[in-house]
């Protein structure tokens, strides 16, 4: 309701200096996170803090290859994050499938499903590379170019089409209901469905 | 012109009988409500005169005994509680009553309660005590025989204990009326001080106190004798339980205060004091402390909504007993204050339970949930009741608990202080368990079309909630009346503020600053961006998609860690003890029937012979 | 086979001969030190494993499926390990390729339940008696319907190109990628 | 009227600012214990601004929002009662029991909001928070009883005045025991390491806080800051002698001096909690309950009994 444009530089500075990471290590790069948080590199200097719940997280680190199974969870977590949200992709796998270019279960082009703001090279980049990626992300936020979330909101149909194309329509309910017969130990029903 | 006191006492009974006789849908409810409203109206009319200090006497001679009824300030306060909560409960019964049978016995128990608070002699007190017990027993009998049996057996034990005690007193004092009994006891105390021969010996006084303790302990549901309460409160028409636990348990409390009024000096002279609290009082207080903890912890572990509030009302009565036990003027005032606030918020809670059970037909937590959107009015009432029972400052629950805490702790009783403090947290704990299981979370599909509370119940709840808030924000109102009752200026201060000398509590300031705080928070909230409503299934389950088939709320076994931590103590259960005693007595009777009264004439002949021989030896 | 002239492993020979007495239907040999090999007909595998477990092969390490398309058979290799003898053993069976059906060894080695589900998921070998065979596990529902399996006659690259719709721009000889 | 309003506003701003500084201190000290550089001291303020300035927020219903507002409102109410040097607004009514209850009520608001979000993690988190509160209530009760009996009064202001005369509370043995027990209880009230099972990040993803996003989390950050300030202020008032400075001529200098002394005491209490928090792993809920019902209760009960003799 209130027009906050006057305070935008302050908000951008606050968003830059206090990025909270969703602690959801999606791929093989997850093991690179602890060195970042401990005493040698310590990204807390920049105000970056791991945070389990997507509701209050801004930065989403896609660490390494993404399988369809993980991508479903990534999409759900990404959509739960409040709006100014940024995605940092590690390594070449999110870009073009990397070494799993011919694998049936590795996503070839992550940008078709969720917008990626910064991508870091290196088949699992070293902590220095990730810190450099975070610096780059902070620059983008400062200059206002980190608009992945705007892209996602504006052409949501395109993203949605790609997702449904890969997973099939109504994949959320299907995935949720996939385990129920086995959880409730009703094996017989699997045959009738 | 029939005396007002008679009208106050017998109006509900007459209305009950007429309602039972007529048994026409619309008319029956109207008569019932009138039956509950008339005594309240008269009480309000008589209020200024009684509080002005002038007692209203009325004597009735019946079958050789003179029953004198007096409306003293103490009786007036309790009668007002009975009147208000009784009216609210009766309004509840209008919508939840199944047959006219319930009207008759609900109003009969209300008559019993009024009779107790107004009677000024032991005989009248006992008779109305029996009427009340009979009325409430019949209400429980209608729903569940076993629960009513347990309630009946314990009440009968209590009644016989009281009868024996009254018998001893009558034998020694020669009259029933409180005035003579009080004069006899205080004379006795004076004689005891001087060292002369006292009318009552030490063991007799101890016996009388023990018997009264059992009698009033059963009705008030103190720790060892509380086993009937959960079943009795659960197995009856829920809006009647509002009266059952809100008003009938106050008769037990009134009984304890009666012990103080009649025999206080004698017991003090006899048993002395324990760290500035009378020794006999410390027993009551300690039992009350145990009741708080036991009632509260058991309430937290219940799966049934009615049982939870049954145990919770036992634990709240524990507070009142602690107040009475400590024995100073301030602590008895605190006890009565808490009796009033307990009646208000417990009556409100049971009306809420009645609404939920009436609308959803369900009583266990496992199949309830997410009712807050469907029953907004009832939830608002529940929110007020929760704030009040948990002791959140701007409401009456906190005011009475605060006075009680100060009274207990200022008497240098650390253990009691610790127990009372622990009790306040337990109240907090089982209320959140109730709120979570019933109001929030995922709503089962069959509860989707529940409507809100019916009108009569809503009015009943509104009355009690309004009183909760009014007495909460202006506790001075109640404190001034209590000072008149006790006759001592224990709680000073203006209408908004309570001042106990060593502690001051200003309810108005709290309310103002709380509103200021919430307004500030609201401003910060509305400065932020727009808010998007999200369904229950759009929730963070580590990224996994969730549908309504998933069970998202922990309704069953909510306090499993607490149950594990208390596993050792939960094995000791007085309920099992009484059941074992019961079965043991049955076996004994079985043995007797097989061997002693076995029905063949030959053994009877033997018994005759033996008796004759004994008599012969005795040389009769 | 290449290792004709090799120092046979006396201890292994004893174990093999002891086992073969109890299981005449099988043949066994010592590949080299601490490596035994057995060939067992498909219908006798359960008794063989039961005797193996009795005679000291405590662990079932893995059930590997090997696809022989031209012989039209799937070979199931049960890899056992014996801590007491300190040796590893392979029990190989052959199952017809089109309807690969064998009885489950879950009751002997409980761990076999997972290995059998793995073999079923990717090689469509049906293990009778394994309750969790149809339970969803590694493959997503879409892949399962499309019939993804690691058998040699399944065109994996074709499936990937159809699924991700981006690989058709790859040059087949993998020198220059055009994304 | 105007003067109290100004005082109240000053208290509120001062409490919020110093509370954020305290949160910054906690993060820096924990970082330095881990031999890390750690964020700047104004980091919590940046976090709160970022959270409040989020462009889209979600809600699970009216109670979800009202619970958060109620929590902040109750904390603002609590801060007004605790004597702050000589500018306490409701100092005369600052009653021991009242403040102890007011410091627990924000948890009710947060739990109402968390539970109405319908998230299973929030349910488990609320259950654990309730049991932790049940566990700390026993030692807390005995500590308050010890204080009330030792000084014979419940008004915090009179206790502070009594301490100016008879030295700090911790100088007397009964109250020293009560102070030790209360300090262990503070550990759970701050939600610091050994007893923060209710907001365990890894296990139940921050428990009740899991569904709070954007401005809800911002409001809760402010609430946490004021709560930190209030709890440390209450502890330093009742156990470490508070601060009543009358040496200077002008009242403004007196106020600044007393606020400074209080600040030093508050930071001391905070550092004790931070050091303990940085070292200990996390207790499970029944270990925490059993611990609180054993040692702190014995210590506090001993203190209460000694105080009442």
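Taken together, the values in this text are just the output of simple stated rules run on the coordinates, not laboratory data. Computed from a predicted model, the values in this text were never measured in an experiment. Ideal geometry is used to build each Cβ from the backbone, glycine not excepted, and the neighbour counts take in all protein chains shown.
Packing order of peptides D:13-20, B:216-223, highest average first: B:216-223, D:13-20 (average count of other Cβ atoms within 10 Å over each peptide's residues).
Panel values: chain B, Kirkwood radius from alpha carbon pairs, Stokes-Einstein at 4 °C and 1.567 mPa s, translational diffusion coefficient 50 µm²/s. When the Gaussian network model of chain C links Cα atoms closer than 10 Å, the mean-square fluctuations of C:63, C:102, C:138 top out at C:138.
Extension gain for residue D:32-residue D:6 works out to 5.5 nm (0.36 nm per residue, less the C-alpha to C-alpha distance).
Our summary gives chain B a relative contact order of 12 percent, counting only alpha carbon pairs under 8 angstrom and 6 or more residues apart.
The range B:202-222 and the range B:544-620 have Cα centres spaced 24 Å apart. Angle of helix A:8-17 to the longest C-alpha principal axis of chain A, folded into 0 to 90 degrees and rounded to 10: 70°. Binning the C-alpha pair distances of the range C:28-179 at 5 Å intervals from 0 yields a P(r) profile of 2, 9, 16, 18, 15, 13, 10, 7, 6, 4, 2, 0 %, listed from the shortest bin outward. Cα-based radius of gyration for the range B:372-455, normalised by 2.2 N^0.38 Å, reads 1.43.
A crude spin-label estimate for the pair residue B:602 and residue C:43, with each label 7 Å from Cα along the Cβ direction, gives 7.9 nm.
Helical runs assigned H by DSSP (4 residues or longer) give the protein assembly as shown a calculated mean residue ellipticity at 222 nm of -20500 deg cm²/dmol, each run adding -39500 (n - 2.57) before division by the residue total. Quick check: the angle from helix B:574-595's long axis to the longest principal axis of chain B, C-alpha only, nearest 10 degrees? Relative to chain B, helix B:574-595 is tipped by roughly 40 degrees.
Of the residues B:573, D:258, the one with the fewest other Cβ atoms within 10 Å heads the list, and the complete ranking is B:573, D:258.
Compactness of the range B:82-193 is given as radius of gyration and Dmax, 17.6, 58 Å, from Cα positions. Out of C:33, C:21, C:128, any idea which swings most in a Gaussian network model of chain C, alpha carbons joined below 10 Å? Comparing C:33, C:21, C:128 in the GNM, the peak value goes to C:21.
Inverting the pair-averaged 1/r between distinct Cα atoms of the range D:2-308 gives 19.8 Å as its Kirkwood hydrodynamic radius. A Förster radius of 22 Å, combined with the Cβ-Cβ distance separating residue A:109 from residue A:177, puts the computed FRET efficiency at roughly 0.15.
Averaged across B:425-432, how many Cβ atoms of other chains sit within 10 Å of each residue's Cβ atom?
5
The per residue volume of the convex hull around the alpha-carbon atoms of the range B:17-92 is 102 Å³. As a proxy for reagent exposure, ranking B:260, B:143 by other Cβ atoms within 10 Å from fewest up yields B:143, B:260. Report the far tail of the P(r) of the range B:10-57, meaning the percent of Cα-Cα pairs longer than 12 Å. Cα-Cα pairs of the range B:10-57 separated by over 12 Å account for 64 percent. Quick check of the Kirkwood formula: for the range B:272-572, what is the inverse mean of 1/r over all pairs of different Cα atoms, in Å? Mean inverse Cα-Cα distance, inverted, gives 20.8 Å. Legend: mean number of C-beta atoms from other chains within 10 angstrom of residue C-beta atoms, peptide D:281-291, equals 2. Take the Cα of residue C:128, go 7 Å toward its beta carbon, and the backbone nitrogen atoms of the range C:82-108 under 13 Å from that spot belong to C:100-105. Based on C-alpha pairs under 8 angstrom that are at least 6 apart in sequence, chain C has a relative contact order of 14 percent. With Cα atoms as the point set, the radius of gyration and Dmax of the protein assembly as shown evaluate to 38.0, 131 Å.
If you plug the beta carbon distance of residue B:489 and residue C:166 into 1/(1 + (r/R0)^6) with R0 = 60 Å, you get a FRET efficiency near 0.10.
What FRET efficiency comes out for the pair residue B:551/residue C:70, r = Cβ-Cβ distance, R0 = 56 Å, nearest 0.05? Using R0 = 56 Å, I get an efficiency of 0.60.
Stretched out fully, how many nm does the piece from residue B:283 to residue B:143 gain, at 0.36 nm a residue minus the Cα gap?
Extra length available between residue B:283 and residue B:143 comes to 46.8 nm.
By the count of other C-beta atoms within 10 Å, a proxy for reagent exposure, A:53, C:103, D:308 are ordered fewest to most as C:103, D:308, A:53. Springs join every pair of Cα atoms under 10 Å in this Gaussian network model of chain C, and among C:28, C:12, C:147 the largest mean-square fluctuation is at C:147.
Axis angle, to the nearest 10 degrees, between helix B:305-326 and the longest C-alpha principal axis of chain B: 60 degrees.
At what distance in angstrom do the alpha carbon centres of the range B:74-91 and the range D:198-252 lie from each other? About 44 Å separates the Cα centre of the range B:74-91 from the one of the range D:198-252.
Separation of the range B:416-466 and the range B:359-378, taken as the distance between their Cα centroids, equals 10 angstrom.
Spin-label model, residue B:45 to residue C:141: label points 7 Å out along the Cα-to-beta-carbon direction sit 7.4 nm apart.
Placing a pseudo-label 7 Å from each Cα along the Cα-to-Cβ vector at residue B:175 and residue B:451 gives an inter-label distance of 5.9 nm.
Defining a contact as two alpha carbons under 8 Å apart and six or more residues distant in sequence, what relative contact order in percent does chain A show? Don't skip to the end; give the middle numbers.
Details: 281 pairs, mean separation 37.0, N = 193.
After rounding, I find 19 percent.
Using the Kirkwood radius over Cα pairs, work out the Stokes-Einstein diffusion coefficient for the range B:574-618 at 37 °C and 0.692 mPa s, in µm²/s as a whole number. In µm²/s, the coefficient rounds to 257.
Per-residue mean of foreign Cβ neighbours for A:104-110 is 5 (Cβ atoms of other chains, 10 Å radius).
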